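A.B. asks: Quick one: the structure is below, questions incoming.
The values are calculated or read from the model by the stated rules, or taken from the named source; none is laboratory data. Since we're looking at a predicted model, the values are computed, not measured. All Cβ positions, even for glycine, are placed from backbone atoms using ideal geometry, and neighbour counts span all protein chains on display. Protein only, heavy atoms only, side chains kept; ligands, DNA and RNA dropped before computing areas. Shrake-Rupley method; radii C 1.70, N 1.55, O 1.52, S 1.80 Å.
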Amino acid sequence: MVVLEVSPISTEELWSSVSDHRVLGHLPDQGISLLSAQFGRVASSRKSLGVSKRLPLYNDGSHCSLGPSMLQKCFGTRPQICVNVRDALNQAMDEELERDERVFLLGEEVAQYDGAYKVSRGLWKKYGDKRIIDTPITEMGFAGIAVGAAFAGLRPICEFMTWNFSMQAIDQVINSAAKTYYMSAGAQPVPIVFRGPNGSSAGVAAQHSQCFAAWYGHCPGLKVVSPWNSEDARGLLKAAIRDDNPVVFLENELMYGVPFDLSEDVMQKDFVIPIGKAKVERRGTHITLVSHSRCVGFCLDAASVLAKEGVECEVVNLRTIRPLDVDTIEASVMKTGHLVTVEGGWPQYGVGAEICARVMEGPAFNYLDAPAVRVTGVDIPMPYAKILEDHSVPQIKDIIFSVKKVLNM
């Protein structure tokens with residue numbers, strides 16, 4: 001069953017949202033009739049809908065839902081489900097915990113408190129103390145426990161309350177997790193996921209605002225993943241949990257509550273996104289914007305603004321930092337002839353710097369009509385004052401300015 005609204009909603013409220021002219025304007029007459037019949041209403045025209053009675057489809061009288069077949073008849077497309085990034089991560093962990101008894105989650109406040117950001121909501125009640133484990137405030141300690149468990153054949157998910165705190169455990173992540181498969185000549189896999197919020201948030205200052213994509217992307221032996229939307233979060237986390245290598249999974253706190261439409265296919269339990277493959281989120285012909293995490297949304301917003309001025313941007317969502325999908329980046333640059341990279345981290349030795357170096361060293365360099373430009377965070381520790389914070393992270397206007405600079409507009 002596909003629920004049109006995630007939160008409780010009355011039939012009247014749901015009908016009001018469905019009867020919005022932006023929806024009805026794209027519905028065939030048959031679709032309006034089907035919807036009207038489903039809710040016990042009569043639609044006299046696309047502009048006026050007569051109300052006859054409430055017809056809740058659940059017995060509690062407060063929720064209503066439409067099955068996939070009804071939605072497909074009405075809208076002529078497969079149904080979409082609105083899921084925020086937090087819930088997508090929660091669903092991915094839930095399904096993998098159910099699928100494989102070797103999977104377990106540990107970290108600070110992940111169990112009884114449902115997680116500091118409520119990403120693990122409900123998992124402790126469902127799976128109990130042995131699968132969802134609250135730890136003391138000692139990152140080096142519980143990260144070491146998780147790595148040891150991976151050595152023993154389990155598949156731990158180790159949550160850092162923020163990736164800034166992973167500095168306390170970096171020896172476990174780098175020296176124990178990342179290098180053991182190589183040092184054992186392939187005899188000892190380390191199937192572990194380190195996950196948590198990464199990058200700048202809001203009002204948490206210098207010690208809680210770093211982006212660690214370049215830090216961990218520098219280290220061989222790790223896979224480094226940086227999802228943007230709910231589809232990325234769901235598909236990549238499931239792939240990371242199933243992977244036999246240590247995976248650094250970089251979420252973003254400011255994206256947790258952001259909803260995205262997911263197709264029925266994405267909601268299938270066997271849906272995974274291959275690690276190491278980027279996605280072109282928007283096709284364009286004039287310039288390539290390459291980004292990851294929250295900044296992908298900024299690139300899409302900037303592309304929408306620039307489209308009104310006749311500039312068609314191609315937006316590439318990296319999804320994975322290591323291994324880097326150089327082929328997708330090069331193919332886009334060879335088509336557009338221009339490149340701008342966008343990231344929230346610092347500029348020196350950053351993800352954008354690596355992308356520019358790869359393009360320069362490969363075949364796409366000969367297709368560039370102008371030098372590549374990087375949009376990054378400012379090269380300072382994050383200030384606490386909001387006005388300074390806003391000037392320290394990439395904004396949509398910065399991307400637009402850089403695109404115009406590259407295109408000599």
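A.B. asks: First compute the accessible area of segment 159-209 with a 1.4 Å probe, then give the percent of it belonging to carbon and sulfur atoms. Intermediate results must be reported in sequence, preceding the final value.
C.D. replies: Details: 1160 of 2060 Å².
Solvent-exposed carbon and sulfur of segment 159-209 make up 56 percent of the total.
A.B. asks: Taking the Cα centre of each part, how many Å lie between segment 332-402 and segment 241-318?
C.D. replies: Segment 332-402 and segment 241-318 have Cα centres spaced 16 Å from each other.
A.B. asks: Would you mind checking LYS308/LYS405; LYS130/LYS223; LYS238/LYS269; LYS335/LYS405; LYS118/LYS179; LYS223/LYS279 for any pair whose Cα atoms are more than 21 angstrom apart?
C.D. replies: Table pairs above 21 Å Cα-Cα are LYS130/LYS223; LYS118/LYS179.
A.B. asks: Just the number, please: Stokes-Einstein D of segment 242-390 in µm²/s, Kirkwood Rh from C-alpha pairs, 25 °C, 0.890 mPa s.
C.D. replies: Here the translational diffusion coefficient equals 147 µm²/s.
A.B. asks: Skipping prolines and chain starts, which residues have an amide H placed within reach, meaning under 5 Å, of the one on PHE271, given they are 5 or more residues away or on another chain?
C.D. replies: Counting only residues 5 or more places away or on other chains, the set is empty.
A.B. asks: Give the shape of segment 116-231 as rounded, prolate or oblate, defined through the alpha-carbon gyration tensor: a ≥ b ≥ c are the square roots of its eigenvalues, a/c under 1.5 means rounded, and otherwise the shape is prolate if a/b is larger than b/c and oblate if not.
C.D. replies: oblate
A.B. asks: So, one more: Looking at segment 94-203, which chymotrypsin sites (Phe, Trp or Tyr not before Pro) are in a loop (DSSP not H, G, I, E or B) and have at most 16 other Cβ atoms within 10 Å? Working shown, then result.
C.D. replies: Values: sites: PHE104, TYR113, TYR117, TRP124, TYR127, PHE142, PHE151, PHE160, TRP163, PHE165, TYR181, TYR182, PHE194; in loops: TYR113, TYR117, PHE160.
Listed in order of number, the matching sites are TYR113.
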